[in-house]
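None of the figures in this text is laboratory data; all of them are computed from the coordinates on show. What you see is a predicted model, and the numbers here were worked out from it, not measured in a lab. FYI the Cβ positions are ideal-geometry reconstructions off the backbone, even for glycines, and counts take in every protein chain you see.
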Amino acid sequence: MKFITLICAILFSSMLVAQKTAAITCTVTDFKGKARKGETVYFVGQKTKKKFETISDAKGIALVNLPKGDTYEIQLLGIGEEKEYSTLEIPDKEGEMTAKVTIQFELPLTVDLNDINFETGKSNLKPTSFKQLDKLALLMERKPELTIQIIGHTDNVGNDAANLQLSKERAASVKKYITSKKIDAKRIETDGKGASEPVADNTTDKGKAQNRRTEIRVKE
């Protein structure tokens, strides 16, 4: 996921009123400056570990109030794990305080979800996969224009035809889980490549593990 912070300015009011929080205004756009609606922005306090969430509107504007006296990691909900790309320090000072943050980013066109795990030789998802898939479902819920293709991949152990079929069944299993979260099935295509598109050496256990992956292609 690509991120660029354009502006991160904190402004102080001359009125020394009791304020425990700072008012944050985020503007979220793509690299051409077009507003991005439905983007989820997280601010995670480095001291408190508390996470504050806001969602951009049709103009790309997202508002949130953050407690003073902490430095916040700024993250966006994407495909896979959220990635920190910047921080915002809110000093513990008296008075009204505001901050403006402008964020430019684009979803990657292809993401490998290596944390999606299945039972050996089967298409049944392991519970360890649910957390990452829940985030993907949440992203699709908040971005109703987003469509994706799910592609399954295997290592080269076993019969090629069987691996191809297994990869297709695994992609279908991922789709079934996401649609169980009330995401329209028409927004998700599936395919399987078997062992035909390795990204690592199939002669090592580590390489085989990397090749057993679920690929998400964005069709936004």
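Key figures for this structure:
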quantity	calculated
Net length gained if the chain between ASP191 and GLU96 were fully extended (0.36 nm per residue, minus Cα distance)	28.8 nm
Cβ-Cβ FRET estimate between GLU145 and LYS68, R0 fixed at 35 Å, reported to 0.05	0.45
Most to least packed among 160-170, 24-34 [average Cβ atoms within 10 Å]	160-170, 24-34
Debye log10 I(q)/I(0) at q = 0.12, 0.16, 0.17, 0.24 Å⁻¹ for region 94-210, Cα point scatterers	-0.51, -0.80, -0.88, -1.45
Largest to smallest principal axis extent of the C-alpha atoms in the chain, angstrom	73, 34, 30
Binned Cα-Cα distances of region 33-145, short to long, each 5 Å bin given as a whole percent	2, 10, 18, 20, 17, 13, 9, 6, 3, 2, 1, 0, 0
Fluctuation leader among GLU189, GLU53, GLU119 - the chain, Gaussian network, Cα springs under 10 angstrom	GLU119
Given LYS32/LYS68; LYS126/LYS168; LYS100/LYS182, the pairs whose alpha carbons are separated by over 27 Å	LYS32/LYS68; LYS100/LYS182
Residues with amide H under 5 Å from that of LEU76, placed H, sequence gap 5 or more	TYR42, LYS83
Nearest-0.05 FRET efficiency for ARG217 and PHE52, computed from C-beta distance (R0 45 Å)	0.90
Computed lengthening from THR25 to ASN156, 0.36 nm per intervening residue step minus Cα-Cα distance	42.2 nm
